[in-house]
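Below you'll find the structure, written out as structure tokens, and then a few comments.
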Amino acid sequence: MFFPDYRPRRMRQNEQFRRMIRETTLSVDDLILPLFAINGKNVRNSISSMPGHSQMSIDNLIKEAKRAVGLGIPAVMLFGIPDKKDPVGTQAHARNGIIQKAVRELKNKVPNLLVITDVCLCQYTDHGHCGIVLPDGVIDNDSTLEILAKTALSHAEAGADMVAPSDMMDGRVGELRETLDENGFIHTPIMSYAAKYCSAFYGPFRHAAESAPKFGDRRTYQMDPANSREAIREVTMDVEEGADIIMVKPALPYLDIISRVAEEIDLPVAAYNVSGEYAMVKAAEKMGWLDGTRTMMEMLLSIKRAGADMILTYFATEAAEELARRS
Ligand code: PBG
């Protein structure tokens, strides 16, 4: 006699059972909200490709941060848009640079919030690359390391709780660790953008952060989407150099990488649900093609199910509100 196994179905018959056997949950504790800081007063330049997000002057940034804390979000990730750019990204490590000022103010006015800073040069260089460009157009890995370390140190001095290098130069985690330690910041962790792919999904961010490269692309330093083993190599290097948290980016098209990293590496894993992943849901929702809220929650849950311990996402506040409604 044919005897189908009804066990899974039986356990789906009511919400209590469904809750009891649920393997993955999304919590507000998992969420990190990215924010864009710009100079000025009462500035809120909305970013058209990222509805609900803006470049904000520090006064507005504080309001947004307070709202996030009110919802229980533990951390923000800060990106800066400087007034001036030059070939070597001087404003990235200026004492009164936009990030340094924003961190000081945030730590002062919103004490219960962890402030993580993105450490990279692309927003600060006039050519838009993440490192120093040699006359032949090649990115100079080693001279970039020094500037990145200086940048991370300036963030730590301003009070950043954690620094997050996103440049993908080789050896940067070790260089940052050494510089932080030498200057007494032994307790400042490094969240490394360890497996960062050269992705079309960063489009809206580059618009938001005004950081699109003026020539070429980031293929020589960011990873090839075709590679998975290479991600393990990149991640292992960062672990050996002292990274405290490993990040995979983007998230949705790279769930297999998140899963593999979570299995093979015994450090916390972060996933960056990037600007393009956010924008496509927002666009489809606007067209009436998708239920935006349900899609958002499913997306975030799937990133956790793949193995991420935390998610950087432009949906953070919206998801936190939805989680609060559901509880
Ligand atoms: C800077 C940086 C980028 C993102 C985070 N840090 C863009 C890039 O590499 O071009 C992308 C984030 C997003 O798309 O949300 N190097």
In segment 204-261, which residues are among the aliphatic types (A, V, I, L, M), open to solvent by 30 Å² or more (accessible area, probe 1.4 Å) and either at pLDDT 95 or above or more than 16 Å from the ligand (Cβ to nearest atom) (or both)?
A226, M237, V239, L252, L255
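Here is a yes/no grid of residues against (1) within 16 Å of the ligand (Cβ to nearest atom); (2) not in a loop (DSSP other than H, G, I, E, B):
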residue: S154; (1), (2): no, yes
residue: E157; (1), (2): no, yes
residue: E175; (1), (2): no, yes
residue: D181; (1), (2): no, yes
residue: I186; (1), (2): no, no
residue: M191; (1), (2): yes, yes
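Condition test on T295, is it open to solvent by 10 Å² or more (accessible area, probe 1.4 Å), within 16 Å of the ligand (Cβ to nearest atom) and of a type in the set (S, T, Y)?
When the stated conditions are applied, T295 does not pass them.
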Could you give every pair whose Cβ atoms fall below 8 Å, whose first residue belongs to segment 108-125 and is part of a strand (DSSP E or B) and within 11 Å of the ligand (Cβ to nearest atom), and whose second residue is of a type in the set (F, W, Y) and open to solvent by less than 10 Å² (accessible area, probe 1.4 Å), counting only separations of at least 6 or pairs across chains?
D118/F79
Among (1) closer than 21 Å to G276 by Cβ; (2) loosely packed, with under 15 Cβ neighbours inside 10 Å, H53 falls short only on (2)
Please go through (1) out of contact with any Gly (no Cβ under 9 Å at 6 or more places or on another chain); (2) of a type in the set (V, I, T); (3) closer than 25 Å to I99 by Cβ for I190 and return the number of the only condition it doesn't satisfy.
(1)
Among the residues of segment 178-209, which ones are closer than 27 Å to N45 by Cα and of a type in the set (S, T, N, Q)?
S199
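Among the residues of segment 14-34, is there at least one that is under 26 Å from A306 (Cβ atoms), among the aliphatic types (A, V, I, L, M), in a helix (DSSP H, G or I) and touching a Gly at 6+ places or on another chain (Cβ under 7 Å)?
Yes - at least one qualifying residue is present in segment 14-34.
When you scan segment 64-71, do you find a residue that is among the acidic types (D, E), modelled with pLDDT of 95 or more and at negative phi, even just one?
yes
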Find all pairs meeting these conditions: Cβ atoms under 6 angstrom apart; at least six residues apart or on different chains; first residue within segment 5-24 and open to solvent by less than 80 Å² (accessible area, probe 1.4 Å); second residue assigned to a helix (DSSP H, G or I) and of a type in the set (K, R).
T24/K304; T24/R305
Go through segment 159-173 and count every residue that is within 15 Å of M237 (Cβ to Cβ) and either surrounded by fewer than 24 Cβ atoms within 10 Å (Cβ to Cβ) or away from the ligand (no atom under 14 Å from the Cβ) (or both).
4
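Of everything in segment 85-96 that's assigned to a helix (DSSP H, G or I) and open to solvent by 20 Å² or more (accessible area, probe 1.4 Å), which residue is farthest from K66 (Cα to Cα)? Lay out the reasoning, then the answer.
At the first step, the residues of segment 85-96 found to be assigned to a helix (DSSP H, G or I) are 90-93.
Narrowing the set further to residues that are open to solvent by 20 Å² or more (accessible area, probe 1.4 Å) leaves 90-91, 93.
Numbers: T90: 30, Q91: 27, H93: 26 Å.
Looking at residues that are assigned to a helix (DSSP H, G or I) and open to solvent by 20 Å² or more (accessible area, probe 1.4 Å), I get T90.
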The residue from I58, I99, I73 that alone is farther than 17 Å from A209 by Cα and surrounded by 12 or more Cβ atoms within 10 Å (Cβ to Cβ) is I73
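Regarding segment 291-300, can at least one residue be identified that is in contact (Cβ under 8 Å) with a residue 60 or more places away in the chain and basic (K, R)?
From segment 291-300, those in contact (Cβ under 8 Å) with a residue 60 or more places away in the chain are 297, 300; that's our starting set.
Within this subset, residues satisfying the condition of being basic (K, R) are none.
Scanning segment 291-300, I find no residue that is in contact (Cβ under 8 Å) with a residue 60 or more places away in the chain and basic (K, R), so the answer is no.
The values are calculated or read from the model by the stated rules, or taken from the named source; none is laboratory data. Everything quoted here is computed from the prediction, not taken from an experiment. Don't worry about glycine lacking a Cβ; one is built from the backbone with ideal geometry, like all the others, and counts go over all protein chains shown. Accessible surface is based on the protein model in full, side chains and every heavy atom, while ligands, DNA and RNA are left aside. Shrake-Rupley method; radii C 1.70, N 1.55, O 1.52, S 1.80 Å.
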